[in-house]
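A quick write-up on the structure given underneath.
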Amino acid sequence: MSVIIRENKAEDNAILSKIIRTAFHDFEVSCTNGTVYSDPTTDDLYSLFQTEKSALFVAEDDGLILGCCGIFPTDNLPEDTTELAKFYLSKESRGKGIGKLLLEKCLEKAEELGYKKVYLESIPEFSKAVSIYEKQGFQYLEKPLGNSGHSGCNLWMIKKLD
């Protein structure tokens with residue numbers, strides 16, 4: 001496997017939205033409102049991540065898209081904080097270190113853009129991802145920050161960058 005991590009392109013939209021929504025089915029997560037599943041921006045991530053001080057990275061192996069992870073300046077977050085967003089992998093690419101590569105690229109980009117902290121929202125069903133966050137030094141919060149619109153999330157974490 002020769003995985004490359006690159007910035008997303010407009011032509012990635014359809015496959016990325018499919019990977020994201022399929023993850024909800026794979027982990028038997030309710031596809032209700034208040035999650036990325038029903039968020040209309042999920043179908044046009046390229047446009048969403050044209051926002052200033054944001055970035056979305058894609059993992060690809062020989063033309064096959066494996067997943068994505070990004071950072072986004074979510075409304076009402078502190079100025080020095082970005083949100084880790086849209087971190088999803090296809091079923092076939094989970095457990096191979098690809099998520100770690102994507103996450104590390106996002107943390108690196110956050111520092112490059114001048115952020116001091118990275119915030120994220122998740123749910124217990126995505127426990128494999130949550131364990132990656134813990135290993136990367138994310139700490140649990142008691143309540144959400146900012147206004148992501150994802151009221152279906154009930155785990156909130158933050159990491160201070162070096």
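Here are the numbers:
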{"read-out": "Whole-number percent relative contact order across region 3-160, with pairs defined as alpha carbons under 8 Å at least 6 apart", "value": "24 percent"}
{"read-out": "Cβ-defined net charge surrounding residue 116, 11 Å radius [Lys, Arg +1; Asp, Glu -1]", "value": "-1"}
{"read-out": "Set of lysines near residue 109 by C-alpha distance (under 18 Å), chain-local residues within fewer than 8 positions excluded", "value": "9, 53, 86, 100, 117, 159, 160"}
{"read-out": "Ranking of 51, 35, 82 by count of other Cβ atoms within 10 Å, fewest first", "value": "51, 35, 82"}
{"read-out": "Counted charge near residue 20, where neighbours are those whose Cβ lies closer than 13 Å (Asp, Glu -1; Lys, Arg +1)", "value": "-1"}
{"read-out": "The chain: mean projected area of Cα convex hull, nm²", "value": "8.5 nm²"}
{"read-out": "Given 15 as the ceiling on other Cβ atoms within 10 Å, longest exposed-site-free region of the chain for trypsin sites (Lys or Arg not before Pro) in DSSP loops", "value": "117-162"}
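Read-outs throughout are calculated quantities, based only on the coordinates presented, and are distinct from any laboratory measurement. Note that this is a predicted model, so its numbers are computed, not measured. Neighbour counts run over all protein chains shown; Cβ positions are idealised from the backbone, glycine included.
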